[in-house]
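Asks: Have a look at this one before I ask anything.
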Amino acid sequence: MLSSNTFYKIVSVLVAIVLWAYVIEVTEPVKKQTIPDVPVQLLNEESLAARGLALSGEASYTVDVEIQAKRAELSKISAGDILAEADLFGYSMGKNYIPVTVTAPDGVTIISINPIKIDVVIEELVEVAKPIKVSFVGQFEDGIEAGQISTQPSEILVSGAKSEVSAVSYVKAEVATAKLTVEGGTIQTKTVAVNREGDVVQNVRLSSSFVDVTARLSQVKEVPLTVEITGQVAPIYDVTSLEIPDSVKIKGSLTALAEITGLTATSIDISAVSSTSKLPLEIVLPEGVEFASGYESLTVEISIKPVATKQFTYTADEILLEGIDGVSNITITTPQITVTASGSEVVIAGLKKEDLVPYLALDAESLISATAMVQVRYDKQLGHIAVDPEEVHITLNETE
């Protein structure tokens, strides 16, 4: 049996605990607390689409909410217990500041909201067809690639805010290499919109979340490539380099590749080239054969540079008349001509006006037409001579 003193001590402790709980629950003052990162729910987003509008950006907003309640209540409150909403109804294109309304559980008072408005950008809603590109995850064996790749559908509609859709370069579909076979087959895989760098563009919608990819394992073979170069660049240019691929890698079944020992590209004409260029090659492949990865767009790379040039002006009196005896009664009525000489930098640097001799080789036909072609005589090693104008007017004077 407990002594009477011990009994009274225990009763005193229990009474003290009850009184303390009463004070905490009933008489204790309320406390304040800030709940951070309360997600904001956007209302009436569908009303924007009905008016041809869409949100720009990820549309993920949060606010910090300061609340007031008794200590016991505060200990139970989290961000999930606070409801924050912003109504998009009636807003138009551009930057909009939309008020946030907050609702809390019974017994909890809202003191403040930060921020009280969210910054929402609304743009034109657009829908654009984007190509599908298949990427393969995992390593292929040496000399093996995916071939005869096709997708169904071949493109997917991407919709959303205009700036977001414009950022989408293509729709990516990933396929594990382990799923491919020599016989080929169809694999269903998820799609995702990506930009030029391959980063995912989040705030857009796709007309299809999945795509059927058909592909098979193909053998890779390297064969010689013949490329014929025709024509010549203009005389005012020098070709500094000409890079012509001498082989190409192709892929297909062993049977399709067996008979191919080499390929010939369509000839390349360089006569119209006026700057350093990459000229695309056209190569016709047999049925069932494709270009291997990295060989789909082979080119001939030609580098050119202008040769050195120098110009001289000659008056009509400085042009010689040749070809007909007794030409003293013939007058050149074109006041002057310009002669442009081109060649190596060393030769052009030392070229003088007297090194070039412009002249007319006259004959009966030129006298009848009253025009003659200007020719230039020279001894230097020049690449090209241009005369402007190429023809001059002449007049046959009457003899007294």
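Per-residue answers, yes or no, for (1) touching a Phe, Trp or Tyr at 6+ places or on another chain (Cβ under 8 Å); (2) among the hydrophobic types (A, V, I, L, M, F, W, C); (3) within 17 Å of ASP246 (Cβ to Cβ):
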position	(1), (2), (3)
LYS278	no, no, yes
GLY288	no, no, no
ILE304	yes, yes, no
THR309	no, no, no
ALA316	no, yes, no
ASN329	no, no, no
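Asks: Let me ask something else about it. Select from the stretch 155-185 the residues that are among the hydrophobic types (A, V, I, L, M, F, W, C) and exposed (fewer than 14 other Cβ atoms within 10 Å of the Cβ) and write down the one among them that is nearest to GLU123 (Cα to Cα).
Replies: ALA176
Asks: Could you list all residues from the stretch 45-90 that are farther than 23 Å from VAL201 by Cα, surrounded by fewer than 14 Cβ atoms within 10 Å (Cβ to Cβ) and among the polar types (S, T, N, Q)?
Replies: Those that are farther than 23 Å from VAL201 by Cα, surrounded by fewer than 14 Cβ atoms within 10 Å (Cβ to Cβ) and among the polar types (S, T, N, Q): SER75, SER78.
Asks: Also, quick follow-up: Would you point out the residue of the stretch 33-72, among those that are without any contact (Cβ under 8 Å) to a residue 40 or more places away in the chain and in a strand (DSSP E or B), that is nearest to the chain's Cα centre (by Cα)?
Replies: Among them, the one singled out is THR62.
Asks: What is the residue count in the stretch 306-316 for residues that are part of a strand (DSSP E or B) and farther than 30 Å from GLU228 by Cα?
Replies: 7
Asks: Now for a separate question. Among the candidates SER303, SER271, SER275, which residue alone is within 28 Å of the chain's Cα centre (by Cα) and outside any strand (DSSP E or B)?
Replies: SER275
Asks: Taking the condition of being exposed (fewer than 15 other Cβ atoms within 10 Å of the Cβ) and of a type in the set (D, E, K, R), how many residues in the stretch 305-317 meet it?
Replies: Of the residues in that region, 2 qualify.
Asks: Taking the residues in the stretch 186-210 that are on the phi < 0 side of the Ramachandran plot and in contact with a Lys or Arg (Cβ under 8 Å, 6 or more places away or on another chain) as candidates, determine which candidate is surrounded by the most Cβ atoms within 10 Å (Cβ to Cβ).
Replies: ALA193
Asks: Can you give me the ranges of the strands (runs of 3 or more DSSP E) entirely in the stretch 109-189 with at least 2 residues that are polar (S, T, N, Q) and farther than 30 Å from LYS249 by Cα?
Replies: 109-114
Asks: Would you check if there is a residue in the stretch 86-105 being assigned to a helix (DSSP H, G or I), touching an Asp or Glu at 6+ places or on another chain (Cβ under 7 Å) and modelled with pLDDT of 80 or more?
Replies: So far as the stretch 86-105 goes, no, none of its residues is assigned to a helix (DSSP H, G or I), touching an Asp or Glu at 6+ places or on another chain (Cβ under 7 Å) and modelled with pLDDT of 80 or more.
The values are calculated or read from the model by the stated rules, or taken from the named source; none is laboratory data. Every value quoted in this text rests on a predicted model; they were computed, and no experiment measured them. When we count neighbours, we look across all protein chains shown, and the Cβ atoms used for this are built from the backbone with ideal geometry, even at glycine.
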